[in-house]
1. With respect to A217, determine if the residue is touching a strand residue (DSSP E or B) at 6+ places or on another chain (Cβ under 6 Å), within 16 Å of ligand 2 (Cβ to nearest atom) and of a type outside the set (D, E, K, R).
2. Assess whether A199 counts as being in contact with a helix residue (DSSP H, G or I) (Cβ under 9 Å, 6 or more places away or on another chain), within 16 Å of ligand 2 (Cβ to nearest atom) and within 17 Å of F129 (Cβ to Cβ).
3. Among the residues in segment 444-461, are any surrounded by 20 or more Cβ atoms within 10 Å (Cβ to Cβ), away from ligand 1 (no atom under 15 Å from the Cβ), in a helix (DSSP H, G or I) and not aliphatic (A, V, I, L, M)?
4. Considering only segment 127-160, state which residues are of a type outside the set (G, A, S), within 16 Å of ligand 2 (Cβ to nearest atom) and surrounded by fewer than 24 Cβ atoms within 10 Å (Cβ to Cβ).
5. Take residues that are more than 20 Å from H58 (Cα to Cα) and tell me which of the strands (runs of 3 or more DSSP E) falling wholly in segment 209-319 contain 3 or more.
6. Regarding S202, is this residue within 14 Å of ligand 1 (Cβ to nearest atom), in contact (Cβ under 8 Å) with a residue 12 or more places away in the chain and surrounded by 24 or more Cβ atoms within 10 Å (Cβ to Cβ)?
7. Would it be correct to say that G466 is small (G, A, S) and modelled with pLDDT under 95?
8. Restrict the check to segment 428-441 and report whether at least one residue is touching a strand residue (DSSP E or B) at 6+ places or on another chain (Cβ under 9 Å), surrounded by fewer than 22 Cβ atoms within 10 Å (Cβ to Cβ), hydrophobic (A, V, I, L, M, F, W, C) and at pLDDT 95 or above.
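The values are calculated or read from the model by the stated rules, or taken from the named source; none is laboratory data. Quick caveat: nothing in here was measured; it's all calculated off a predicted structure. A quick note on method: Cβ atoms are made from the backbone with ideal geometry, for glycine too, and the neighbour counts reach across all protein chains shown.
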Amino acid sequence: MSGPVPVAASLSDIYPKEALVIQGARWNKLLSTFQNTYGHKANFIARSPGRVNIIGEHIDYSLYSVLPMAITADAIMAVSTSPIADGATTFKVKIANVENPKFAAAEFDVPIEGDVEIDATQFEWTNYFKSGLRGALQLLRQKKGKELKPCSMNIMVDGTVPVGGGLSSSAAVVSTSALAVMKANGEHAVDKKQLTELAIVSERAVGVNSGGMDQAASVFSEQGSALFVSFSPQLEARPVKLPPTSPELCFLVAQSFVTANKHVTGPIHYNLRVVEVSFAAAYLNAVLNPPGTQLPEDAGPLGISLQGFHDTYFYHASSSDNSAAKSLTKEEELKKLVDVTKETLTNEEGYTREEIAKVLQISVKELEDRFMTKIPVRAERFKLRQRALHVFTEALRVLQFYTLLERPLHTGASDTSPFNQELGSIMNDTQESCRVLYENSCPENDDICRIALAAGSYGSRQTGAGWGGCSVHLVAANRVEDVKAALVREYFAKRNLTEEQKEQAMVVSRPAGGSALYVVG
Ligand code: NG1
Ligand code: MG
C-alpha cells in the first residue's frame, strides 16, 4: 500500500468526525498567523501525526513487525515558497511556531550543495525541521542532480503531540518537514515509502538510533485502521481494521508525566538496548550457526539484527539441524528461538565485554569499535538473555495479536468479551516483559497499568520507548469513564499537575489518517 501521500480535499479526509470543529479552528489560526507573520498567504499545508503503539515494543530496530496507529494529534506546517535568484548558492528558510515565544522563530541560509548543519547537542526545536530538510534535500539531489534549485521557504508550525510523552512528536515533525520541503520543490506526489525511509534516517541524525515504527505509522496510517508494519525483507505497511465488537473497544492513552529524555539517558536506556540486541544477534550467530557464518548487513541501527539472525538460522545457515525447520510457521520459528536462547544465553547476570568478545572471536577493542563507537553507551554488563527473550516473545505476541484482529468474529455474537480478554491479555504480557526482561518500564507506569486493570481495562501497558511517557489501555467504551475516574483518584490526584496537564492526562484515541498535503485555495 505504498503510493503518494494523499492530497486532502477537506479536513474530514484527515480527522475523525468528533475532531473536526477543533481542528478547523486550529488550521484557520495557523493560516492567519502565517499571513500576519509573513504578510502573504501560505500555498499549502503539510501534516503528519503522532502515534500510539498498540503492540510490538522495542522490536522495530530488531526488524520485527509492530502494530501502531496514528492519532489525531499532529504537526501541521503552512508553507509559502519563492524562487531564488540565478546564481545564488544558498536558499533561505524562515520558520516560526504558532506557540511563539515558547518556540522561538528562526531564520537560516542553507547551502544548495553543502550539508544542512545540525547541532545535535543543543535541544533546538528547529533541529527536527532541519533533519527533515536535510533528508529531503538529499533525496531531491538524487532525483534532480545539478538541475536542483531549491526554493526559499516561509513556514509556520503548529504541533499538538506532547513532547517527550511517548506519542512520537519527533516523527510527526520530521515527517511533516520532509514532506513540506519535497512539496515546496515541485514534488507533488511524494512516495510514502520514500518519505518514511528518509524520515527514519533523518531522525537518526538528531541523535536517536530508533527503529522505523514511528515514521511508518505517521506516514502510512489510514483513518479507522491500525497499521501492521514490517521492516524485513523491506518496509511494508498494511492497514488493519479493528473488528466491530459490542460494546466498542477503545484505546485510552494515559500520560505518566514522567518525562524520559532519550538524548540524556540514551547511553543507559534506549541506545544501550540497541547495542544489547545487536550483541545478542552476533552472539547467537556465533554459537548457533556454522562457524564462519556472517549475519547479513541490514537496516538495523548497527547493521545487523535479531531478525537477521532469525533468517540466517532457519534459512541460510547450512546446519543439518535447521534444514528440517523450513516447514515451521513464523510463530513456531519464534517459539524455537525462545527455546534456543534460553539454552544458549544462560547467564542471567549479564555478559561482560570480555565474555562477548571471546565468543565472537575478536578483541575487546574490536568489539567496542564495531558496536559502541557509533552508539556510545555506558554499561559493565549486557543482559543479552533477557533482551533477546523479550524481542522474540514480543515478536510472537504481535503475530498473535494481528491474527486475532484478522480472524472474523462470529457475526451477531452479542458478547465479545472473550475476544476482548484475549487481546488484553497479550497486551498485559507485553507489559510484564517490558517490566522484567527489557527493563524499560517505570514504577509510575506499572502503577497506572495496575489501577486501570482493576477498574476494568482488558489490557494495559506502557507504550513507546518507556522509562516514563504514556501507557495504552484496551477498554470497552462503557467502561472508559470508570477507568478514567480510577486513574484520577489513584494516580493523577496525587501528583501536582497544572490545569493543562490535567487536560492532557488521558485521551481516547481513535485511529487517524497519516501524512497528508492540503493545497490552500
Ligand atoms: P518513542 O520514544 O515512543 O518515540 C521509540 C522509538 C521507536 C521504537 C519505540 C519502542 C524513536 C524516535 N522511536 O519510540 O522506533 O523503538 O521507542 O518500541 O526513538
Ligand atoms: Mg520520538
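1. It is true that A217 is touching a strand residue (DSSP E or B) at 6+ places or on another chain (Cβ under 6 Å), within 16 Å of ligand 2 (Cβ to nearest atom) and of a type outside the set (D, E, K, R).
2. Numbers: in contact with a helix residue (DSSP H, G or I) (Cβ under 9 Å, 6 or more places away or on another chain): yes; within 16 Å of ligand 2 (Cβ to nearest atom): yes; within 17 Å of F129 (Cβ to Cβ): yes.
Yes.
3. Yes, the conditions are met somewhere in segment 444-461.
4. Of everything in segment 127-160, those that are of a type outside the set (G, A, S), within 16 Å of ligand 2 (Cβ to nearest atom) and surrounded by fewer than 24 Cβ atoms within 10 Å (Cβ to Cβ) turn out to be N127, T160.
5. So the answer is 236-241, 249-255.
6. Spelling it out, S202 is indeed within 14 Å of ligand 1 (Cβ to nearest atom), in contact (Cβ under 8 Å) with a residue 12 or more places away in the chain and surrounded by 24 or more Cβ atoms within 10 Å (Cβ to Cβ).
7. Spelling it out, G466 is indeed small (G, A, S) and modelled with pLDDT under 95.
8. no
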